[in-house]
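What follows is a single structure, written as structure tokens, with notes after it.
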Protein chains: 2
Amino acid sequence: MVSEAAASVIEALKSILGERLVTGQSVREHHAHDTSRLAPHMPDAVAFPKTEEEVQAIVKACAEHGVPVVPFGVGSSMEGHTIPVKGGISLDTREMNQIIEIRPEDFIAIVQPGVTRKQLNNELRATGLMFSVDPGADASLGGMASTRGSGTTAVRYGTMRDNVMALRAVAGDGSVLKTGSQAKKSSTGYDLTHLFVGAEGTLGVITELTVKLHPIPEAISSAICAFETVRGAVEAVIATIQYGIPVARVEFMDEVAIAAVNNYSKLGLKVAPTVFFEFHGTPAWVGEQAKIVEEITREYGGLDFNWSADADERNRLWQARHDSFWATKAIKPGYDLYTGDICVPISKLAENIVAAREDIDASSMTGQIIGHVGDGNFHTAYLMEPGNRQHIEEAETMAKRLVERALADGGTASGEHGIGIEKLKFMRAEHGDEAVEAMKRIKRALDPRGIMNPGKMGDKG
Amino acid sequence: MVSEAAASVIEALKSILGERLVTGQSVREHHAHDTSRLAPHMPDAVAFPKTEEEVQAIVKACAEHGVPVVPFGVGSSMEGHTIPVKGGISLDTREMNQIIEIRPEDFIAIVQPGVTRKQLNNELRATGLMFSVDPGADASLGGMASTRGSGTTAVRYGTMRDNVMALRAVAGDGSVLKTGSQAKKSSTGYDLTHLFVGAEGTLGVITELTVKLHPIPEAISSAICAFETVRGAVEAVIATIQYGIPVARVEFMDEVAIAAVNNYSKLGLKVAPTVFFEFHGTPAWVGEQAKIVEEITREYGGLDFNWSADADERNRLWQARHDSFWATKAIKPGYDLYTGDICVPISKLAENIVAAREDIDASSMTGQIIGHVGDGNFHTAYLMEPGNRQHIEEAETMAKRLVERALADGGTASGEHGIGIEKLKFMRAEHGDEAVEAMKRIKRALDPRGIMNPGKMGDKG
């Protein structure tokens with residue numbers, strides 16, 4: 001049932017957007033969920049603006065009538081971020097997919113928020129530069145910024161926090177904010193850029209981003225190493241980081257995850273706790289890095305250390321790593337994945353991973369652990385049978401224990417997936433009541449009517 | 001004349017702080033200015049808290065009576081940040097100088113805000129780690145965070161924005177905010193850390209910082225190269241950055257600056273536009289970097305390229321570079337320095353530096369240009385005779401032109417010094433009216449009584 005307010009907004013927006021304001025069932029259903037197992041909720045309509053002016057018109061109309069606006073990129077978020085839990089308008093940035101400018105000499109690209117990371121990297125091919133942030137999914141840059149996303153290369157090139165230099169956004173009150181500059185650093189004004197990065201669409205709609213680019217390294221090599229134990233694998237990574245080796249990627253997969261990708265991606269990896277490494281640099285420097293790391297892995301029970309400079313082999317391995325989410329789902333078709341995403345100081349990583357593994361082993365479920373371990377970030381995935389009460393109870397208990405251990409160790413409830421819906425319950429434990437209240441006051445300062453992605457961060461929790 | 005409100009606060013704080021609440025003339029005078037040439041203004045009293053609880057008590061008392069609180073580190077700010085333009089309490093963090101914890105295995109240190117960068121680096125000596133941010137002055141970390149400071153190493157290791165992971169602060173409403181975590185990354189909550197970094201004490205008082213540490217590189221080498229022209233020197237730097245060489249430091253000094261340090265620091269450098277380089281890495285990798293850069297300098301009119309791995313020689317050169325501010329002052333004893341601090345995209349750097357040099361040459365003043373040019377950041381310094389109206393008029397015109405050129409090129413009015421007082425006039429030109437208004441609303445959300453460093457950012461401008 002569409003409310004009177006929503007009906008007024010839909011009426012107003014139709015005159016602006018025409019066929020780009022959609023109320024049909026199938027499009028609304030597509031915008032009712034993300035990749036999480038959380039309950040869907042349909043928006044009243046879906047808007048496909050092309051310009052900042054249209055975004056502003058949508059936000060202003062919704063603010064006037066108190067109707068929710070929920071920004072939507074490609075829907076690859078993992079914690080329910082884009083689910084319009086209070087209905088309203090799902091603002092899909094799909095049509096805002098223009099690469100506005102690439103400035104190779106300044107290592108920046110200026111893009112609309114609907115541009116995806118693969119789209120940008122394809123466009124960059126001729127420049128010798130790359131956009132580094134790589135969350136696996138071919139997400140939109142607006143979505144990646146809004147979730148403060150990262151992925152496999154963050155250990156070397158940083159997360160979206162580090163790679164968004166400036167942006168434009170329409171705040172919840174309809175004002176157009178220009179944040180940051182195209183200079184590499186600035187000491188002027190409050191850091192509105194980083195207020196929007198990670199705000200999960202609760203303060204406004206990002207309409208343009210200036211992102212950093214990095215030179216594609218002259219040489220890339222990769223290595224894969226199986227270990228006797230989970231602890232040995234993780235401790236080898238910790239030692240690598242503490243040695244100061246600037247690894248470009250360093251990913252951990254436990255036995256269950258390796259077996260799953262072997263099956264899904266037709267690989268013949270040894271089923272053991274495994275670390276994938278990637279090194280970037282000049283040919284000589286890449287070789288030196290690999291040599292040091294090989295010595296480190298030997299000290300920690302590395303069973304082999306397969307080094308390769310072959311691009312095809314490397315791409316096949318990384319594709320398999322990226323497909324891990326789907327490989328895990330394929331272990332038990334029809335099951336739901338209950339995912340975790342904690343990040344801890346690196347010195348606490350081994351004990352947190354070992355404890356997470358022990359929890360899974362003591363449960364009735366199959367589960368795996370993979371991680372961007374160079375950052376201290378890892379993901380658990382529990383395979384839950386739909387409707388199985390024991391599974392959901394065990395999963396919730398394990399997830400709570402996982403986060404509690406992380407917070408006790410100075411870590412965070414989410415390294416890269418974000419808060420969305422279900423992790424709202426951890427906000428006060430992590431940040432304290434006073435910081436959460438301050439966030440709510442900041443939300444009200446930029447979104448006085450509370451229309452931006454309501455029921456999420458800055459509102460609930 | 002102390003207002004009734006300030007008298008009430010002083011009375012209340014004396015009972016909490018005892019002799020650490022000072023109303024004597026000389027201490028108040030010391031807190032009436034920073035290193036800028038701006039008009040001093042005395043606080044009504046100076047408080048020296050030791051703990052977060054005492055900071056909270058001060059802020060609460062001041063909030064209750066509407067009395068300003070102006071955080072003060074070591075007073076090395078350059079744009080009037082710490083001048084209590086509306087009187088009130090200067091909150092000096094000198095007694096909050098405890099290094100709370102050093103965690104070498106996590107590459108972090110947790111410190112009180114009054115800890116200075118040299119104090120921390122001395123304490124780190126045994127660990128093989130360093131705190132990288134290096135603004136020249138032995139500033140307090142609280143002050144460096146509040147001005148989003150940087151310096152010579154930012155090109156490689158980042159600014160305070162990149163190196164502050166988490167903090168604690170007492171907001172203007174007296175609430176104690178805990179921001180960020182000790183994990184390397186997080187996707188939970190609005191980024192309050194980066195809201196306080198660069199806020200210049202206008203939102204609250206930072207009471208604790210968690211900062212990143214970096215491994216002291218196995219090998220360090222430096223190089224110095226004189227060039228035929230300013231443009232050639234800057235273009236060699238641009239080419240070095242665009243090649244992807246991870247230089248640890250790359251500093252430009254023009255002829256006037258070189259002559260000044262020759263005189264002040266008893267050096268015999270060739271009087272020509274000069275670039276200082278520093279390379280960090282393994283011995284082999286450092287050598288490879290220097291070799292590539294040497295080839296680049298030859299292409300751009302480098303007159304020589306003196307490479308050295310000698311630590312004493314290197315330290316002497318960098319000390320001279322750091323003393324450049326005082327060396328410049330010594331050119332004309334008794335004169336004031338009018339400093340500029342713009343930052344532009346690197347592709348625009350050469351033309352901005354050349355234009356700034358031409359402006360100085362066309363004026364009646366002596367002036368110099370030095371810069372953290374790897375970031376696109378450079379400083380102008382004009383030597384003004386006190387009371388000389390022509391000098392102040394010329395300086396203001398040149399400063400305005402400098403900023404206008406930077407903004408037209410997508411740059412910023414300040415790369416690292418901050419807004420303070422005099423640069424408030426550039427805030428709207430850089431950020432636009434709507435972003436400035438949003439900043440004001442955010443300020444009111446955290447400091448509803450407007451007591452935190454009033455007359456500055458978030459209030460005026």
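The values are calculated or read from the model by the stated rules, or taken from the named source; none is laboratory data. All values derive from a computational prediction rather than experimental measurement. Every residue, glycine among them, receives a Cβ derived from its backbone with ideal geometry; neighbour counts consider all protein chains shown. Ligands, DNA and RNA are excluded from the accessible area calculation, which covers all protein heavy atoms including side chains. Shrake-Rupley method; radii C 1.70, N 1.55, O 1.52, S 1.80 Å.
Those residues that are closer than 14 Å to A:L349 by Cβ and assigned to a helix (DSSP H, G or I), I need them from the stretch A:372-407; list them, please. Give the derivation first.
In the first step, residues of the stretch A:372-407 are kept if they are closer than 14 Å to A:L349 by Cβ; the result is A:372-380, A:402, A:405-406.
Matches in the stretch A:372-407: A:V373, A:G374, A:D375, A:L402, A:R405, A:A406.
Does the stretch B:251-265 include one or more residues that are buried (at least 24 other Cβ atoms within 10 Å of the Cβ), away from chain A (no Cβ under 14 Å) and over 30 Å from A:R103 (Cβ atoms)?
Within the stretch B:251-265, one or more residues are buried (at least 24 other Cβ atoms within 10 Å of the Cβ), away from chain A (no Cβ under 14 Å) and over 30 Å from A:R103 (Cβ atoms).
For (1) under 21 Å from A:L446 (Cα atoms); (2) facing another protein chain (nearest Cβ under 9 Å), each residue gets a yes or a no:
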{"site": "A:G158", "(1), (2)": "no, yes"}
{"site": "A:R161", "(1), (2)": "yes, yes"}
{"site": "A:M165", "(1), (2)": "yes, no"}
{"site": "A:G172", "(1), (2)": "yes, no"}
{"site": "A:S175", "(1), (2)": "yes, yes"}
{"site": "A:A183", "(1), (2)": "no, yes"}
{"site": "A:S187", "(1), (2)": "no, yes"}
{"site": "A:Y190", "(1), (2)": "yes, yes"}
{"site": "A:L195", "(1), (2)": "yes, yes"}
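For B:T207, state whether it is more than 8 Å from every other protein chain (Cβ to nearest Cβ) and either under 30 Å from A:D459 (Cβ atoms) or open to solvent by 10 Å² or more (accessible area, probe 1.4 Å) (or both).
Yes.
State which residue pairs qualify: first residue crowded, with 18+ Cβ neighbours inside 10 Å and inside the stretch B:21-41, second residue part of a helix (DSSP H, G or I) in any location, beta carbons under 6 Å apart, and separation of 6 or more residues or different chains.
Once the first residue is crowded, with 18+ Cβ neighbours inside 10 Å and sits in the stretch B:21-41, its partners that are part of a helix (DSSP H, G or I) give B:L21/B:L13; B:L21/B:K14.
Filtering the stretch B:279-305 down to residues that are part of a loop (DSSP other than H, G, I, E, B) and away from chain A (no Cβ under 14 Å), which residue is surrounded by the fewest Cβ atoms within 10 Å (Cβ to Cβ)?
B:D304
Is it the case that some residue within the stretch B:388-411 is out of contact with any Ser or Thr (no Cβ under 9 Å at 6 or more places or on another chain), facing another protein chain (nearest Cβ under 8 Å), at pLDDT 95 or above and open to solvent by less than 10 Å² (accessible area, probe 1.4 Å)?
So far as the stretch B:388-411 goes, no, none of its residues is out of contact with any Ser or Thr (no Cβ under 9 Å at 6 or more places or on another chain), facing another protein chain (nearest Cβ under 8 Å), at pLDDT 95 or above and open to solvent by less than 10 Å² (accessible area, probe 1.4 Å).
Quick one: count up the residues across the stretch A:58-70 that are touching a helix residue (DSSP H, G or I) at 6+ places or on another chain (Cβ under 9 Å) and open to solvent by less than 30 Å² (accessible area, probe 1.4 Å).
Within the stretch A:58-70, residues that are touching a helix residue (DSSP H, G or I) at 6+ places or on another chain (Cβ under 9 Å) and open to solvent by less than 30 Å² (accessible area, probe 1.4 Å) number 6.
So, in the stretch B:98-133, of the ones that are assigned to a loop (DSSP other than H, G, I, E, B) and away from chain A (no Cβ under 14 Å), which residue ends up nearest to B:G415 (Cα to Cα)?
Only one residue tops the list, namely B:F131.
Of the residues A:V55, A:V46, A:V9, only one is in contact with a helix residue (DSSP H, G or I) (Cβ under 8 Å, 6 or more places away or on another chain), of a type outside the set (F, W, Y) and farther than 30 Å from A:W326 by Cβ; which?
The match here is A:V9.
Filter the stretch B:422-454 for residues that are among the β-branched types (V, I, T) and assigned to a helix (DSSP H, G or I); which is farthest from the other protein chains (Cβ to nearest Cβ)? Explain how you work it out, then say what you get.
Going residue by residue through the stretch B:422-454, those that are among the β-branched types (V, I, T) are B:436, B:442, B:451.
Still in the list and also assigned to a helix (DSSP H, G or I): B:436, B:442.
Values: B:V436: 8, B:I442: 5 Å.
Within the stretch B:422-454, the match that is farthest from the other protein chains (Cβ to nearest Cβ) is B:V436.
Which of the numbered conditions does B:D359 fail, given that it passes all the others? Conditions: (1) within 14 Å of chain A (Cβ to nearest Cβ); (2) in a helix (DSSP H, G or I); (3) open to solvent by 10 Å² or more (accessible area, probe 1.4 Å); (4) touching a residue at least 24 places away in the same chain (Cβ under 8 Å).
Condition not satisfied by B:D359: (1).
Right, B:T147: modelled with pLDDT of 95 or more, within 16 Å of the chain's Cα centre (by Cα) and at the interface with chain A (Cβ under 7 Å from one of its Cβ atoms) or not?
yes
Condition first: farther than 17 Å from B:E54 by Cα, open to solvent by less than 50 Å² (accessible area, probe 1.4 Å) and charged (D, E, K, R). Now tell me which residues in the stretch B:86-112 satisfy that.
Across the stretch B:86-112, the qualifying residues are B:R103, B:D106.
Of the residues B:I353, B:I369, B:I419, which single one is part of a strand (DSSP E or B) and in contact (Cβ under 8 Å) with a residue 24 or more places away in the chain?
Details: B:I353 fails: part of a strand (DSSP E or B); B:I419 fails: part of a strand (DSSP E or B).
Just one listed residue meets the conditions, B:I369.
Would you call B:K14 open to solvent by 10 Å² or more (accessible area, probe 1.4 Å) and within 30 Å of B:K184 (Cα to Cα)? So that I can check it myself, show each step before the final result.
Details: open to solvent by 10 Å² or more (accessible area, probe 1.4 Å): yes; within 30 Å of B:K184 (Cα to Cα): no.
No: the conditions fail for B:K14.
Out of everything in the stretch A:210-239 that is within 23 Å of the chain's Cα centre (by Cα) and under 30 Å from A:D312 (Cβ atoms), what residue ends up being most open to solvent (accessible area, probe 1.4 Å)?
The extreme case among them is A:I216.
State all residues of the stretch A:435-461 that are basic (K, R), closer than 18 Å to A:S175 by Cβ and out of contact with any helix residue (DSSP H, G or I) (no Cβ under 6 Å at 6 or more places or on another chain); if no residue qualifies, say none.
Of everything in the stretch A:435-461, those that are basic (K, R), closer than 18 Å to A:S175 by Cβ and out of contact with any helix residue (DSSP H, G or I) (no Cβ under 6 Å at 6 or more places or on another chain) turn out to be A:K443, A:R444.
Scan the stretch A:431-453 for residues that are touching a residue at least 24 places away in the same chain (Cβ under 8 Å) and open to solvent by 10 Å² or more (accessible area, probe 1.4 Å) and jot them down.
Once the filter is applied, which keeps residues that are touching a residue at least 24 places away in the same chain (Cβ under 8 Å) and open to solvent by 10 Å² or more (accessible area, probe 1.4 Å), the stretch A:431-453 yields A:P448, A:R449, A:G450.
With respect to the numbered conditions (1) more than 7 Å from chain A (Cβ to nearest Cβ); (2) open to solvent by less than 20 Å² (accessible area, probe 1.4 Å), which one is the sole condition not fulfilled by B:G415?
Of everything listed in (1) more than 7 Å from chain A (Cβ to nearest Cβ); (2) open to solvent by less than 20 Å² (accessible area, probe 1.4 Å), B:G415 misses just condition (1).
Out of (1) small (G, A, S); (2) more than 13 Å from the chain's Cα centre (by Cα); (3) under 28 Å from A:G420 (Cβ atoms); (4) open to solvent by 10 Å² or more (accessible area, probe 1.4 Å), what's the single condition that is false for A:A126?
Just one mismatch for A:A126, condition (3).
Within the stretch A:167-189, can one find any residue that is closer than 28 Å to A:L317 by Cα and among the β-branched types (V, I, T)?
no
So, in the stretch A:136-172, of the ones that are in contact with a helix residue (DSSP H, G or I) (Cβ under 6 Å, 6 or more places away or on another chain) and in a loop (DSSP other than H, G, I, E, B), which residue ends up surrounded by the most Cβ atoms within 10 Å (Cβ to Cβ)?
Once the filter is applied, the top-ranked residue is A:G149.
When B:G374 is evaluated against the numbered criteria (1) within 8 Å of chain A (Cβ to nearest Cβ); (2) surrounded by 24 or more Cβ atoms within 10 Å (Cβ to Cβ); (3) not hydrophobic (A, V, I, L, M, F, W, C), which criterion, by number, is the only one it fails?
The number of the failed condition is (1).
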